[in-house]
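What follows is a set of notes on a single structure, which appears directly below.
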Amino acid sequence: MAELRLSVVFFFLFIFFYINLSTVESSMARARHFKHPDTKALIEVSCQTTLYPALCIKCLARYANSNVRNEQQLAQVALTVSLYKARSTRSYMLKVAKELESIKAKECPALRDCLQQIDDSINQLSHSIRELRRFDLKAGMTDDLFWHIDNVDTWISAALTDASNCVDELPGHRMSKMKATIKGKVMNVAQLTSNALALFHRYAARYRSATNKKP
C-alpha cells in the first residue's frame with residue numbers, strides 16, 4: 001500500500017514538473033521569437049495610427065526581429081512591403097490580361113486601365129523609397145530635408161490614388177471570380193500603401209511640428 005502511495009506521489013510530481021518545464025520552454029520560445037521587443041512595440045504602437053492596423057501589424061510583424069529601430073526605418077519597410085505587393089499584383093494582372101485578350105473578353109479595356117494605374121503606383125513607390133533613403137538627418141532640419149519629405153509624401157499619395165482608381169475601374173456588381181480576385185489584390189495594395197503613408201506621416205510629423213514651434 002505504501003509503495004502504491006509513493007508511486008502516486010511520484011506520478012503527480014512528474015506531471016507537475018513536466019507542465020512547468022513546458023511553460024518555461026514556451027516562454028523561452030517566445031523570447032527567442034522576439035529578439036528585439038522594442039521593434040515589436042514600435043510596430044504595434046505605430047500601426048495604431050493607420051487606417052488598417054491589423055493588416056499593418058500582420059505585414060510588419062515578420063520584421064520584429066530585424067534591425068528596424070526607428071520610425072524612418074519602419075516607414076521604409078512599409079513602403080517596401082507595399083511595392084512588393086504591387087509588383088506581385090501586376091504580375092498576376094499581366095497573366096490574366098493575356099488570357100482575356102486571347103478570347104477578346106469585354107473586361108480587357110478596364111483591366112488595361114487598371115494595369116496602367118498599378119504600373120504608375122509601382123513607379124511612385126519606387127521613387128518614394130529611393131527618396132527616403134536620401135534623407136540626411138545629421139544635417140538637421142534644413143530646407144533640403146523638407147524638400148525630400150514633400151517629395152516622398154507626394155509620391156506615396158499619388159501611388160495610393162492610382163491604386164484606389166484601379167479599384168474603381170472594377171465595379172462591385174456581378175463580378176466574375178477573376179475580377180473579384182483582381183479587385184481584392186488591388187485593394188490590398190491600396191490598403192498597404194495607405195498604411196505606409198500614415199507611417200511616413202508619423203515619422204515626418206516630428207520635423208514639421210518642430211518647424212512650427214520655431215519663433
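The values are calculated or read from the model by the stated rules, or taken from the named source; none is laboratory data. On a predicted model such as this, the values are computed, not experimentally measured, just so you know. Don't worry about glycine lacking a Cβ; one is built from the backbone with ideal geometry, like all the others, and counts go over all protein chains shown. Only protein heavy atoms, including side chains, enter the accessible area calculation; ligands, DNA and RNA are left aside. Shrake-Rupley method; radii C 1.70, N 1.55, O 1.52, S 1.80 Å.
Checked against (1) farther than 21 Å from Leu55 by Cβ; (2) hydroxyl-bearing (Ser, Thr, Tyr); (3) open to solvent by 70 Å² or more (accessible area, probe 1.4 Å), Ser126 passes all but a single condition, namely (3). Taking the criterion of being open to solvent by 50 Å² or more (accessible area, probe 1.4 Å), in a loop (DSSP other than H, G, I, E, B) and modelled with pLDDT of 90 or more, the residues of region 30-63 that qualify are Gln48, Thr49, Leu51, Tyr52. Restricting region 110-165 to residues that are closer than 23 Å to Thr89 by Cβ and of a type in the set (Ser, Thr, Tyr) leaves a set whose member that is modelled with the lowest pLDDT is Ser164.
The residue that is modelled with the lowest pLDDT, counting only those in region 71-105 that are surrounded by 14 or more Cβ atoms within 10 Å (Cβ to Cβ) and β-branched (Val, Ile, Thr), is Val96.
Let's see how each residue does on (1) free of Cβ contacts under 8 Å to residues at least 24 places away in the same chain; (2) on the phi < 0 side of the Ramachandran plot:
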{"site": "Lys104", "(1), (2)": "yes, no"}
{"site": "Cys108", "(1), (2)": "yes, yes"}
{"site": "Leu111", "(1), (2)": "no, yes"}
{"site": "Gln116", "(1), (2)": "yes, yes"}
{"site": "His127", "(1), (2)": "no, yes"}
{"site": "Arg130", "(1), (2)": "yes, yes"}
